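The structure under discussion appears below in the form of structure tokens.
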Amino acid sequence: MGIRTAYPQGAQVEHGRFGLGTVLSINEEHIVIKFDDFGEKKFVTTIVLTALKKSDRQPPVEKRSSRSRKAKAAPAAPAAPAAAAAAAATTAQ
């Protein structure tokens, strides 16, 4: 069961060191905040609550990560042509 605080899940907060962020989860022991510039951070709830301020900004739009697709490798050439070339070189002498 979660605790009642001024910062429910999804609340926009500001931290003195990490800047603006969004509360991802909170319980009696820990609070997880995703900061815009520093990523996810996990804090001891009772300690960090005094360092947080409410922010009246709108939640940032989540960016979808784009995965670049690797080009498919061409199939390997069979080893027979290399052996045939070596055989042709020996017969040419």
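The values are calculated or read from the model by the stated rules, or taken from the named source; none is laboratory data. Model, not experiment: these values are computed from the prediction. Quick reminder, even Gly has a Cβ in these numbers, built from the backbone with ideal geometry, and neighbours come from all protein chains shown.
Please work out if SER55 is touching a Leu at 6+ places or on another chain (Cβ under 8 Å) and modelled with pLDDT under 90. Yes.
Can you spot a residue in region 76-92 that is at pLDDT 75 or above and of a type in the set (A, V, I, L, M)? No, because not a single residue in region 76-92 is at pLDDT 75 or above and of a type in the set (A, V, I, L, M). Restricting region 28-50 to residues that are out of contact with any Lys or Arg (no Cβ under 8 Å at 6 or more places or on another chain), under 14 Å from TYR7 (Cβ atoms) and free of Cβ contacts under 8 Å to residues at least 12 places away in the same chain leaves a set whose member that is surrounded by the most Cβ atoms within 10 Å (Cβ to Cβ) is THR46. Could you go through region 1-21 and let me know if any residue there is at pLDDT below 80, surrounded by 10 or more Cβ atoms within 10 Å (Cβ to Cβ) and β-branched (Val, Ile, Thr). Within region 1-21 (the criterion being at pLDDT below 80, surrounded by 10 or more Cβ atoms within 10 Å (Cβ to Cβ) and β-branched (Val, Ile, Thr)), the answer is yes, since at least one residue qualifies.
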